[in-house]
Each structure stands twice: as C-alpha cells, then as structure tokens.
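See below for the structure under consideration.
The values are calculated or read from the model by the stated rules, or taken from the named source; none is laboratory data. Not measured: the values here are computed from a predicted model. For neighbour counting, all protein chains shown are included, and Cβ atoms are generated from backbone atoms with ideal geometry for every residue, glycine included. Ligands, DNA and RNA are stripped out before the accessible areas are found, and what is left, the full protein with its side chains, is counted by its heavy atoms. Shrake-Rupley method; radii C 1.70, N 1.55, O 1.52, S 1.80 Å.
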Amino acid sequence: MPARFRHFAINADDTGRARAFYGTVFGWNFAPWGPPGYFQTRDAGEGLIGALQERQDWGGKRPHAFVPTFGVDDITAALAAVEAQGGRVLLRPYRIDGVGEIGYFEDPEGNLCGIAQYAEGYWT
C-alpha cells in the first residue's frame, strides 16, 4: 500500500506570530483557507501543501511539532494496517468537501501523522 507525502501542518498557539516567523524565515505566503485560524501555503515544494493551524486536541494529544499527512488510495485499509501494526487511530476520517477524507493516528513510537484519501483530481 504505497503512500505519498503530501501535506504538513504547523500547529501554533499564535497563528499570527507563526505566519510572520515562517514568512520571514522561509519566504512562505499563507492564505486563509477553511475554518477560522487555518492558513495554507503552497510555497514549500512542488506537490506539497503546508498548513498553519491553531493547536488542536486529537484524542488527548496536542501536537507540538510538524505533522505530516500521507496520501493513500484506501484510508480504511490504511488505518486498519496502522492498528494491526500497533498504532492508534486518534481521529477517525472526516470529509472535507473537494479535498477528501482525512484522519490522524499515532505510530508505535508516539509520532502523530495524518492520513488522507484525497478526492479524485485534487492533485491534478
């Protein structure tokens, strides 16, 4: 089951401060996208989307690191494999219209990751 690194999220307590930091340090431009407190950049690399978002709680975990999201063809099968290999699903998949199904898990080493089955045509 191949997966492709497609998205990363920067979690912040102060999104304005974080936008200024990454904009100045890396030259990334962030545009509001989706829910309040959520911003997106497409300046981080070809075929990669970066998000800057307010820090959230996922199953009792509050990420203090970049969170990668991996694109898969079958999110249900991928999450079953996560659990079968000792990982823990933190947030069951939810739908974002036009984007696809997205969920979050913790690997056996304690790393938080996103997993997505993107909508047809999202990356083209």
> To the nearest 10 degrees, how steep is helix 15-26 against the longest Cα principal axis of the chain, on a 0 to 90 scale?
Replying inline: 80
> HN-Hα J couplings of the stretch 100-113 from phi, Karplus 6.51/-1.76/1.60, θ = phi - 60°, integer Hz, Gly and Pro as x?
Replying inline: x, 9, 9, x, 9, 9, 10, 7, x, 8, x, 7, 9, 9
> How many percent of the alpha carbon pairs in the stretch 45-114 exceed a separation of 21 Å?
Replying inline: 25
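Determine how many Å³ per residue the convex hull of the Cα atoms of the chain encloses. Intermediate values should be presented prior to the final figure.
Details: hull volume 13.6 nm³, N = 124.
Expressed per residue, the convex hull around the Cα atoms of the chain is 109 Å³.
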> Hey, any idea what % of the chain's accessible area is carbon plus sulfur with a 1.4 Å probe?
Replying inline: 50
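Looking at the chain, what % of its DSSP beta bridges pair antiparallel, to the nearest 5? Don't jump to the answer; show the numbers that get you there.
Values: 25 of 34 bridges.
That works out to approximately 75 percent antiparallel.
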> Using alpha carbons only, how many degrees (0 to 90, rounded to 10) separate the axis of helix 75-84 from the longest principal axis of the chain?
Replying inline: 70
> If each of residue 66 and residue 80 carries a label point 7 Å out from its Cα toward its Cβ, how far apart are those two points in nm?
Replying inline: 3.3
> Which residue, chosen from 60, 39, 119, occupies the Cα position most advanced towards the positive end of the dipole of the chain, where the dipole is computed from +1 (Lys, Arg) and -1 (Asp, Glu) charges on Cβ about the Cα centre?
Replying inline: 39
>> For a quick check, take a GNM of the chain with Cα springs below 10 Å and name the residue from 106, 46, 83 with the largest mean-square fluctuation.
In response: 46
